[in-house]
Amino acid sequence: MGRSFRFVILGGGVSAGYAALEFVRLGIPAGDLCIITDEAVAPYERPALSKGFLLPEGAVRLPAFHTCVGVGAERLTARWYKEHGIELLLNTQVVSVDLKRQTLLTSAKETIAYLMLIVATGARVLRLEEFGVTGADARNIFYLRNLHDATKLVEAMQSCSGGKAVVIGGGYIGMECAAALVSNGVHVTMVFPESHCIARLFTPQIATFYEDYYTRKGVVFVKGTVMSTFESDKDGKVAAVVLKDGTRLPADLVVVGVGIRPNTTLLEGQLIMEKGGIKVNGKMRTSNSTVYAVGDVAAFPLKMYGDVRRLEHVDHARKSAAHAVESIMHPERAKDYDYLPYFYSRVFSLSWQFFGDNSGECLLFGDLKSEKFGAYWVDRGRLVGAFLEGGSKSEYAALAVVARKRPMVEDVQLLAGQGIKFALAL
Ligand code: FAD
Ligand code: NDP
C-alpha cells in the first residue's frame, strides 16, 4: 500500500493551482494535500501559452506565469508547494481510479489513497486522425495544450520566419496562434468549416471586424471547407495541405486547433456524466460524495440561466476550483456556485472581453473602424450578454455588472445608441 492523503487533486493545471491556494488560505495542515500531474512543472496559467509565450520578443517563460498570477495573487512555484507541505507529484500520470476503494494508481505503480478527491484533469486536444485524416502525425504538425506543445511550436516558428503556415480551425487556438505566427514573420492561411471565426461566440458582423484586421496583417482565410489530405515530402514532413475542393496550400508548418475533449476516461462508468463532462452539483460535488470535479471537465448547474453547462475557459477553472475547496472545507457555509460566464482574448494590439450569454438578438454598438466597439445580446426582453473590444478596466467591470443584472430592455435601438454608456450608468 502506498501513501494516503486527506485531499488529492487529480491533474495539475489551472484549477489545481487555484484549489491549492484556496486550501492554504483556509488553513489546511501540512501533509494533507497531494497534487498529481503528468506535466513536468507546477501548475501554470495555461492562457499564456498562446499569447505571451509565443511573442517574438520579450516572451514570457516559467516561472513567471505559474498560478495564481493571473488574478494578481501569489506565484506558486514548486518551492511554494514544498513550503506549505503540499505533495506535488510531477511527471506522474494517474492510470486508474478506484472510487470504491478511494485509491488512484499512478504510472509509477504507486497506489495513493484519499478521503476526498478533486478531479481537475482538464481536456485533451482533438486530433485530425479522429476526423479520419491520414499523415497527421508528421513532425511539422503542431497542437497546443501544454508547455511541451508550446515549446515545440516556438522552436518551429522561429526556424520558419518568412515561411508558410496553414492554421486548421477558426476557434480560439486558431485565431491566437495565427496572430502569433504573423508576429513571428510567418505567412498564414487559415482553414475552417464555418462561415466565420470564433463561431461559438461571434456573430458574423463581429467576426468580420477580426477577419478584416487579420487580412490587413496578411492572413488569408479559406472558410466553409475542411482539409482532405496532407502532401508529404521525402522526409515525412508535410509540404502542403490539400483541401476538399483540391486546392493545394503549401506549408512549412501546420497548427491545428479543432477543439478538445474533457479528460473523463478514468471516471467513466463510475460517475454520472453530462455534456461530455462529469456532472456536478452547485458545490462541484459529483455523483459520488467523496469526489468533486472542477474546470473544463465539470458539467455544472449554471444558476443564472437554470441549465447545465461545461465551460472551457480559465475564469471558470479558477473560480470552480476555489468553490469546490470552500464546499469541502466549510460545507455549512458554502452556497451554490453562481457563476457569470466570462471569456476574453488578446491578439496583436486587440483585446476583448465577454460576459454572460450570447443568446437572442445581438445589437452592435460603437465604431468598428476606431477599434472600439461592442455588442449586447437581448433575449426575451432582457439584456443577457455583453461584449467589448478595446475597453478600459472600468468599462469591462461595467459589462460584468450589466450581464449579471440582466436588466429588461424596452427599446433595443435606444440600447444600441447608448452603447457602453448604458452599462456605465447602471
Ligand atoms: P488544465 O489546465 O488543462 O489542467 C489539467 C491538468 O491535468 C493538466 O496538467 C493535465 O496534464 C493533467 N492531467 C490530465 N489527466 C491526467 C492524468 N491521468 N494524470 C495526471 N495528470 C493528468 N481560457 C480563457 O478563458 N482565456 C484564454 O485566453 C485562454 N487561453 C488558452 C490558451 C491555451 C493554449 C489553452 C490550451 C487554453 C486556453 N484557455 C483560455 C482555456 C483554459 O486554459 C482552460 O479552460 C483551463 O486551463 C482549464 O483548467 P483545468 O484545470 O480544468 O485544466
Ligand atoms: P474551439 O472549440 O474554440 O474551436 C475549434 C474550431 O475548429 C471550431 O471552430 C471548429 O468548428 C473547428 N473545426 C472542427 N473540426 C474541424 C476540422 N476538421 N477542420 C477544421 N476546423 C475544424 O477549440 P480550439 O481548439 O480553438 O481551443 C481549444 C480549447 O482551448 C477550447 O476549450 C478553448 O476554449 C480553449 N482556448 C480558449 C482561449 C480563450 O478563451 N481566449 C484561447 C485558446 C484556447 P465547429 O464549431 O464547426 O466544430
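Each value in this text was obtained by applying a stated rule to the coordinates, not by laboratory testing. What you see is a predicted model; the values in this text were computed from it and never measured. When we count neighbours, we look across all protein chains shown, and the Cβ atoms used for this are built from the backbone with ideal geometry, even at glycine.
List of remarks:
- Charge dipole of the chain about the Cα centre (unit charges at C-beta), most positive-ward option of F202, V14, G374: V14
- Among the GluC sites (Glu not before Pro) within segment 328-423, those in coil by DSSP and having at most 10 neighbouring Cβ atoms inside 10 Å are E332, E410.
- Among the listed pairs K51/K109; K217/K369; K82/K283, those whose Cα-Cα separation exceeds 25 Å are K51/K109; K82/K283.
- Once the C-beta distance of V242 and T215 is scaled by a Förster radius of 25 Å, the resulting FRET efficiency is 0.60 to the nearest 0.05.
- The trypsin sites (Lys or Arg not before Pro) of segment 103-197 that meet both conditions, a loop assignment by DSSP and at most 13 other Cβ atoms within 10 Å of the site Cβ, are K109, R139.
- Residue exposure sequence - M284, M227, M304, M408 - by fewest surrounding Cβ within 10 Å: M408, M304, M227, M284
- Dimensionless Rg over Rh [segment 346-390; C-alpha; Kirkwood]: 1.03
- Cα-based shape type of segment 65-162, given that a ≥ b ≥ c are square roots of the gyration tensor eigenvalues and the cut on a/c is 1.5: oblate
- Where trypsin sites (Lys or Arg not before Pro) fall in DSSP loop in segment 277-362, at most 16 other Cβ within 10 Å: K303, R333, K335
- Cα Rg over Rh - the chain, Kirkwood: 0.98
- Rounded to the nearest 20, the size of the Cβ-charge dipole of segment 283-426 about its Cα centre is 360 debye, with Lys and Arg at +1 and Asp and Glu at -1.
- Here the convex hull built on the C-alpha positions of segment 4-126 has a volume of 112 cubic angstrom per residue.
- Convex hull volume of the Cα atoms of segment 169-241, normalised per residue: 90 Å³.
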